[in-house]
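What follows is a set of notes on a single structure, which appears directly below.
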Amino acid sequence: MGNLGMKLKGTKALTEQMHLKCNEDEKYWMADACEELGRRFKGMGIGDLHRRSCIKASGLELFLEIIALWEKDEIMIKPALRALLHLIPAEGACEHLLEMGGRDVIDRAMNAHKEEPNIKGDGTKIMYALLGKGAFVAMKDVKRVGKAIEYGVPLSVAETIQVDNGKKKKKFVEVDEELDHDQVRGQKVGVLKVVTSMKKFSHDLKVQIGGIETMMLLARKGLNPRDVVAVDGIEALVAAMTAYPKSYQVQWRGCATITDFCDNMAVCSELGKRGAVTVVMNAYERFADQKDVRQQALWAMAGLSKIDHCKERMEELQLKILLYKLILIPIKSPGTMIDVVVPLRFHQIYTHEDLELAANPPKKNMYDIKAAEKKALDKKGKQKPAFGTVDDFFVGGEPGLVDW
């Protein structure tokens, strides 16, 4: 297939011409052009030059448009997928394809041609290539949302923020009232993207760390921290801390984020309901040699203690005994060194007597317990036997029933 004029055209010129002819009337010419480009993309030498030329002429956008337009047409889908398969080895191609929603477009085309082995084979190879780059793209989205929250700008403006000489500088146009409104809506969309990325790439540590950092920025500078609760962000945060219990970065950032969220009482209550108490207490115990994590965990505990049910849960996990070791042991043994600072909140809600009683409860006297049990039985009086044994209940009988 193909013609001499098509073969003589350069890759960039041919790609630009395909943009102009992307319609139903030119379907067969487009199919020939896809096959011609697919042949050029093969190989690592001259093929790489053809791939770069095609991408510069918006070739990735072109192939996605072709696949979406002729989704159910086997004549077009087969050469388009084959050409795209040979195009994605170019640097940055997979990432850009994912950013444009290429995964969904290709998935729909594959579902429309389940019985065609060539389409299924090429589509599967492309999906595998995209899968390996998915976490990278997710991380870019997470960073963009973090910039938007940190500098208080809409998502569309966050791309223009740059870092020079290690210092963050605001390099964007002044936003107007319409963009300010977009900032509110954009933050909700951004938080949803972050949480979705954390759930989708739970196996990728970098995505989890980036997601938690973005949540921490939201808690400190965000317009409405409740947006995190609305999109199940609390569950994603707790899940990350649970999945990476030995990661210093995840645990420290997670505890810091929980501490900041506790300034909002509604969010603090949701944290307690979704398991934040357990992960914070576990972080303190697990990082016995890491002062920073233990200190941050203590701040998080102090924040959670503002809610009654959170405080009760922490007491079930031996919070009072932990505080006894941090507060009373140094008083009793002046030489004992404590490398963390106990938050003032705990000094306000617990007295020394409360902590002493929790750590050293009075011993129970067994004789007193037995005496109390006997006294309780005496109050009830004698009970009727379960199996009708003759005893004092039947000795007197009922007067008048038998006359001797």
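The values are calculated or read from the model by the stated rules, or taken from the named source; none is laboratory data. Every value quoted in this text rests on a predicted model; they were computed, and no experiment measured them. Every residue, glycine among them, receives a Cβ derived from its backbone with ideal geometry; neighbour counts consider all protein chains shown. Quick note on the areas: whole protein, heavy atoms, side chains included, nothing else; ligands and nucleic acids left out. Shrake-Rupley method; radii C 1.70, N 1.55, O 1.52, S 1.80 Å.
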The residue that is most open to solvent (accessible area, probe 1.4 Å), considering only those in segment 24-58 that are free of Cβ contacts under 8 Å to residues at least 24 places away in the same chain and over 22 Å from Leu97 (Cα atoms), is Asp25
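If you check Ser269, Ser197, which single one turns out to be in contact with a His (Cβ under 9 Å, 6 or more places away or on another chain), surrounded by 16 or more Cβ atoms within 10 Å (Cβ to Cβ) and not in a loop (DSSP other than H, G, I, E, B)? Break it down stepwise before answering.
Numbers: Ser197 fails: in contact with a His (Cβ under 9 Å, 6 or more places away or on another chain).
Residue meeting the stated conditions: Ser269.
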Of those in segment 205-220 that are in contact with a Gly (Cβ under 8 Å, 6 or more places away or on another chain) and of a type outside the set (Ser, Thr, Tyr), the residue modelled with the highest pLDDT is Ile212
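Answer yes or no as to whether Leu20 is of a type outside the set (Gly, Ala, Ser) and exposed (fewer than 13 other Cβ atoms within 10 Å of the Cβ).
Values: of a type outside the set (Gly, Ala, Ser): yes; exposed (fewer than 13 other Cβ atoms within 10 Å of the Cβ): yes.
Here the answer is yes, as Leu20 does meet what is asked.
Just to verify a result, which residue in segment 218-260, among those that are part of a loop (DSSP other than H, G, I, E, B) and polar (S, T, N, Q), is surrounded by the most Cβ atoms within 10 Å (Cβ to Cβ)? Even if it seems obvious, please write down each step before you answer.
Initially, segment 218-260 is screened for residues part of a loop (DSSP other than H, G, I, E, B), giving 222-225, 231-232, 244-247.
Checking the rest, the ones that are also polar (S, T, N, Q) come to 224, 247.
Values: Asn224: 14, Ser247: 16.
Taking the candidates together, the pick is Ser247.
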Does Asp263 satisfy the criteria of being closer than 24 Å to Ile149 by Cα, of a type outside the set (Val, Ile, Thr) and surrounded by fewer than 22 Cβ atoms within 10 Å (Cβ to Cβ)? yes
